[in-house]
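Some notes on the structure that comes next.
Nothing in this text is a laboratory measurement; each read-out follows from the coordinates by a stated rule. Computed from a predicted model, the values in this text were never measured in an experiment. Methodologically, a virtual Cβ is constructed for each residue, glycine included, from the backbone with ideal geometry; neighbour enumeration extends over all protein chains shown.
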Amino acid sequence: MKRLRLVVGFFSTCSVAPAKRADDPGLGANLAAQAAADLVRETAGTDGAFLAAGLLKDKSDASDASTLFQYPGDEIVVVTLTGAQIKHAFERSVSLYPQSNSAFLQISGFSATFSKSAPANKRIVDVSSDFGKLADSQNYTIAMPSSLARGGLGYFKIWDKPNITRSLNITLERVLKGKRLNVGAQTPRWVAAD
């Protein structure tokens with residue numbers, strides 16, 4: 001009769017969260033996307049501009065801003081929002097943080113500070129516009145792609161088609177084709193506190 005030798009052992013595993021990728025526009029401030037938002041805002045002549053991560057590519061050609069968009073044929077429209085609606089939109093942006101979020105907004109004309117440890121919908125600590133502190137009852141004009149303006153990516157809970165006050169009758173591609181993204185002049189407009 002043969003004797004079997006049994007060896008019993010154990011091993012442990014440790015899961016490590018994947019590193020945040022700087023080029024993922026759903027994880028936080030993306031300098032290329034902010035630069036594109038600046039170009040959209042400048043073209044529209046608005047108080048701000050929003051570009052949602054779900055409408056952006058992870059990679060683009062820095063010498064052609066239109067390559068940043070999944071749907072460059074989207075028309076640029078202007079939506080009028082109150083400061084309270086903007087704050088609500090920013091809460092939606094950081095609701096999944098630190099996970100990537102297709103609804104995360106790359107912004108122009110505003111800066112936002114949020115608490116990483118606060119519960120969802122209570123994370124926004126401070127919002128400023130280029131004109132000063134965000135006022136809840138004040139109206140602001142925001143340029144954005146038409147799909148986002150119609151409430152795409154869940155923003156229909158905050159705004160919808162009736163909030164569109166004008167259309168530029170021009171696509172993102174037409175405005176941004178061949179324009180260089182000036183990322184060197186950018187600083188993050190989203191700041192994580194604590």
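The simple Förster model, with R0 at 30 Å and r as the Cβ-Cβ distance, assigns T187 and Q70 a FRET efficiency of 0.70.
For the chain, the longest principal axis of the C-alpha atoms and the axis of helix 31-44 are separated by about 20°.
Per-residue ellipticity at 222 nm computed for the chain from its helices equals -5000 deg cm²/dmol, with DSSP H segments shorter than 4 residues left out and the rest contributing -39,500 (n - 2.57). Counting neighbouring beta carbons within 10 Å and listing from fewest to most, the residues V40, V191, V127 come out as V191, V127, V40. Label sites at K157 and L96, each approximated as a point 7 angstrom past Cα along Cα to Cβ, lie 1.3 nm apart. Cross-link partners for K87 among the aspartates and glutamates, with Cα-Cα distance under 13 Å and sequence neighbours closer than 8 places in the same chain left out: D126, D136.
Sparse packing (at most 13 other Cβ atoms within 10 Å of the Cβ) combined with a DSSP loop state is found for the following chymotrypsin sites (Phe, Trp or Tyr not before Pro) in the range 101-194: F131.
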